[in-house]
Amino acid sequence: MNMSLVSIIVPCYNYAHFLGQTLENVLTQHYPYWECIVVDDGSTDNTGEVAGVYTARDPRFRYIRQENKGLSGARNTGIAASKGVYIQLLDSDDLIHPDKLARQVAILEADTAIDITYGNSLFFHTDNPETLFYSRNLSSGHRPKRRRGGGRKKDILRRLLVNNIMEVSCALISRRLISEVGWFDEEYSSYEDWQYWIRCALHDARFDYSPLEGTETYIRTGHQSMMSNKRKLVVHGVYIRKFLHPYLNPAQRIYNSIRIMRLYIRMMLKMY
């Protein structure tokens, strides 16, 4: 088995009621060479108490508390404190398959030119975690929506122009890439992962899409979260598209301008 350390970064803000399940999920990983850093982003609930149960139980868990800086700031704090060769970002209400780290480490170590490998995401309602769906609106279909394969700058930017290509916890990221691209942009309180993938693509990172069984991430729905604030998503959708615009070819700029105009119309009409 590979022995490269994976740093699992778990930002948490007032999600103590989900945090225990997420940290229990970390303990199910078949790949044993990990550290898990819980970053308490100024929570007013008992996040510290829940995290303390796990730091006392297993020395691979670490706990950091900071004043509230937002999701990007919490992730940056965790990454800065981490020691792993690879980074797994995991929100405090989500889960990953027990084989995810083992399978994705194997992919990155088999081809060191890959910077990011990612698989599929499945969704579950917080009141019924045993039933999995293939989309965020909890429609089942027949199989997960298969994304196009990986690639580099031009191919990835073309896909990111349409939409985000993955949930943040789908990816396993090499520290080498993070060292070159830099931190998450703390000006973004939504779609910060989408913006980060764009920056990685602009850096000519190599993305690998390998939807192998055992690489899935499980996204919780049906509860209050940042993704529930539809107005914020519309506003940050404009930010993302304006950020991307200078790097597009003429045809892509026309498409992007139309998407920006539609977002402005939604804001004016309050169509959230």
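Would you mind stating whether Tyr209 is modelled with pLDDT of 95 or more and over 26 Å from Ala16 (Cβ atoms)? Yes. Of all residue pairs spaced 6 or more apart or on separate chains, those with beta-carbon atoms under 6 Å, a first member in the stretch 105-125 that is closer than 12 Å to Leu177 by Cβ and in the same structural domain as Ile87 (by TED's automatic domain parsing) and a second member that is part of a helix (DSSP H, G or I) and not small (Gly, Ala, Ser) are Ile114/Leu108; Asp115/Leu177; Thr117/Gln104; Thr117/Ile107; Thr117/Leu108.
Yes/no per residue for (1) within 23 Å of Glu216 (Cα to Cα); (2) touching a residue at least 40 places away in the same chain (Cβ under 8 Å); (3) not charged (D, E, K, R):
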residue	(1), (2), (3)
Cys12	yes, yes, yes
Gln29	yes, yes, yes
Pro32	yes, no, yes
Asp45	no, no, no
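The sole residue among Arg253, Arg262, Arg220, Arg241 that is assigned to a helix (DSSP H, G or I) and either assigned by TED's automatic domain parsing to the domain that holds Leu132 or closer than 25 Å to Ser121 by Cα (or both) is Arg241. Residue pairs whose Cβ atoms lie under 7 Å apart, separated by 6 or more positions or on different chains, with the first residue in the stretch 171-187 and in a helix (DSSP H, G or I) and the second surrounded by 14 or more Cβ atoms within 10 Å (Cβ to Cβ) and basic (Lys, Arg), are Val181/Arg199.
The values are calculated or read from the model by the stated rules, or taken from the named source; none is laboratory data. Quantities reported herein were computed from a predicted structural model and do not represent experimental measurements. Reconstructed Cβ throughout: ideal geometry from the backbone, glycine too, with neighbour counts over all protein chains shown.
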